[in-house]
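For reference, the structure is listed below as structure tokens.
The values are calculated or read from the model by the stated rules, or taken from the named source; none is laboratory data. None of the values given here were measured: they were computed from a predicted structure. Positions of Cβ are backbone-derived with ideal geometry, glycine not excepted, and every protein chain shown enters the neighbour counts. Just so you know, the surface numbers come from the protein's heavy atoms only, side chains and all, with ligands and any DNA or RNA stripped out. Shrake-Rupley method; radii C 1.70, N 1.55, O 1.52, S 1.80 Å.
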Amino acid sequence: MPDDYRQWFTMVVQDPTSKGGLGRSLLASQTAFLFGLDETWTSNNIIPLFSEDDRHKFAQAWDGFLVWGRLYPSLVDAMMPAFFIALQRLNANLPDHRRRFIEFYTSVAVFHVSDPLQQILPALFQYGSIEDRLNFTSQLGYFLRQMQQTDKQQMWSTWLNRYWIDRLQGVLAPLDDAEIRNMLDWLPNLGELFPEASILASRANKIAIEHSHLLFQLRDSELVTCFPAEMAELLIYLCNCNVGYHADNIRTVAARLPELDPHLKHRLDEALALIG
């Protein structure tokens, strides 16, 4: 970074007026660029703002970052302590900000740490709200839709499988019905992992399906014909839930199943009878 810019930016960071506040927010929004340009200056002047005791400076930094910020590995390492602090302090009364923060937090868990079950997720459950957990499962579902199968497989074998099993056993916290709905929505995007994941999904409590996207996606999914036995077991579980207006979708998916083992077919027919 040129010396004159470094001096100007330092003056902005130290400015106690409202102009300084706007400037700090703008600089914080460009933390990734500044960190790549001058890691030492950014580590000394911008990164501390994200953990600042002064609530105004703290809010200014996160306000900027949550709008235009981005992450990459070395920056995550530098900001990790600040993420844990923000999880406890960031204003839950500003839902859009909090939701955006959880999007970043989820990306840290998925892309930037080897095992989020060590620190990232325990901290989320200790300091986060149920709304934070729902935003986490929703954002994770978004990432699963975008990821290559090899990346999904690695995440599954590294931690996601363990996370699902743990949650079914009440580790971290009992599964909320809304979390179960969001996790069901992961299934159509798991590809070859569907058989394992559907078994876990079917072990959850029976819930009201309500606004789940699962059955809409399964209507035309190749998973129905690729994994008919596992799909039938999932449909049996869903039939025992409160399916509401999803009954027609369940019947549509069931009609696409190839020939099943007679015993499984009988169980599925009995389950379908429950939804009329």
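Counting only Cα atoms, I'd like the Rg/Rh figure for segment 109-240, Kirkwood definition for Rh.
0.94
Ranked by the mean number of other Cβ atoms within 10 Å of their residues, highest first, the peptides 195-201, 134-140, 231-237 come out as 231-237, 134-140, 195-201.
Is the C-alpha gyration tensor of segment 185-276 telling us rounded, prolate or oblate? Criteria: a/c under 1.5 is rounded; beyond that, a/b larger than b/c is prolate, otherwise oblate. Working shown, then result.
Values: a/c = 1.32, a/b = 1.03, b/c = 1.28.
Cα axes put segment 185-276 in the rounded bin.
The apolar share of the surface of the chain, taken as the fraction of accessible area on carbon and sulfur atoms (1.4 Å probe, ligands and nucleic acids excluded), comes to 51 percent. So what is Rg over Rh here for the chain, counting just Cα atoms and using Kirkwood for Rh? On the Cα set of the chain, Rg over Rh gives 1.10.
Report, in degrees rounded to the nearest 10, the 0 to 90 angle that the Cα long axis of helix 3-14 makes with the longest principal axis of the chain. Approximately 70 degrees, to the nearest ten. What segment 129-191 shows is 42 Å² of accessible area per residue, with the surface traced by a 1.4 Å probe over protein heavy atoms.
A simple rule links phi to the HN-Hα coupling: the Karplus curve 6.51 cos²θ - 1.76 cosθ + 1.60 with θ = phi - 60°, which for segment 106-112 gives 5, 5, 4, 4, 7, 10, 10 Hz, with x for Gly and Pro. For segment 101-153, a Kirkwood hydrodynamic radius built from all Cα pairs, placed in the Stokes-Einstein relation at 37 °C and 0.692 mPa s, yields a translational diffusion coefficient of 288 µm²/s.
As an exercise, find the ratio Rg/Rh for segment 42-148 from alpha-carbon atoms, using the Kirkwood inverse-distance average for Rh. Display every interim value, and only then the final one.
Numbers: Rg = 13.3 Å, Rh = 14.1 Å.
Taking Rh as the inverse mean 1/r over Cα pairs, Rg/Rh reads 0.94.
Quick one: angle between helix 228-239 and the longest Cα principal axis of the chain, in degrees between 0 and 90, rounded to 10, please. Long axis of 228-239 versus the principal axis of the chain: about 80 degrees. So what's the angle, to the nearest 10 degrees on a 0 to 90 scale, between helix 247-256 and the longest Cα principal axis of the chain? With both axes taken from Cα atoms, the answer is about 70 degrees.
If you take the Cα centroid of segment 61-91 and the Cα centroid of segment 212-276, the two points sit 43 Å apart.
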